[in-house]
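Every number in this text was worked out from the coordinates using simple rules, so none of it is lab data. The structure presented is a predicted model; accordingly, all values stated were derived computationally and were not measured. Neighbour counts are summed over all protein chains in view; Cβ atoms, including those assigned to glycine, are modelled from backbone coordinates with ideal geometry.
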Amino acid sequence: MAGTTPTQAGTVNDAQELTPKDRTRVVASALTTDRGTTTIADTVVSKIAGIAARDVAGVHDVGGGAQRAFGAFRERIPGGSTNYSQGVSVEVGQSEAAVDVDIVAEYGVAIADVAEAVRRSVVTGIERMTGLRVIEVNVSVNDVWLPQEDDQDREPAPSRVQ
């Protein structure tokens, strides 16, 4: 029906504000129907959150120092792949999710603005793709990336032949 949102208690007109309880019922009905239940694994939610966080301008990388070093090593191995869940931990319930994200911010950005953009991106991605309601996104900024750090890491390797 146009103009209404189904809930277990009936329908809610678009003009009415959904209460938190009604929003939970709408989400729960998307994952639990009379034909079965949809269960979403924690790894799926953490991967979505990791990709969403990386897409934000001002985020250089996701994860702590050791996680990033291991991730870089893993990507260099033939057949290795990027771990999009790196630096992300989640708690997933039947209809809600909570997320913790560790990021490295680029030097010169407003960290509070980047953190808020990460929250928006993570919430939007998870809620749109899974139907879960995100109740909290905690962002930890573990480091600031300086452009010259990459230049120092990329010193030319000495030639093996002369």
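Assorted remarks:
- Of all residues in the stretch 93-113 being surrounded by fewer than 21 Cβ atoms within 10 Å (Cβ to Cβ) and among the aliphatic types (A, V, I, L, M), the one that is nearest to residue 145 (Cα to Cα): 104
- Count of the stretch 90-114 residues which are closer than 18 Å to residue 47 by Cα and among the aliphatic types (A, V, I, L, M): 8
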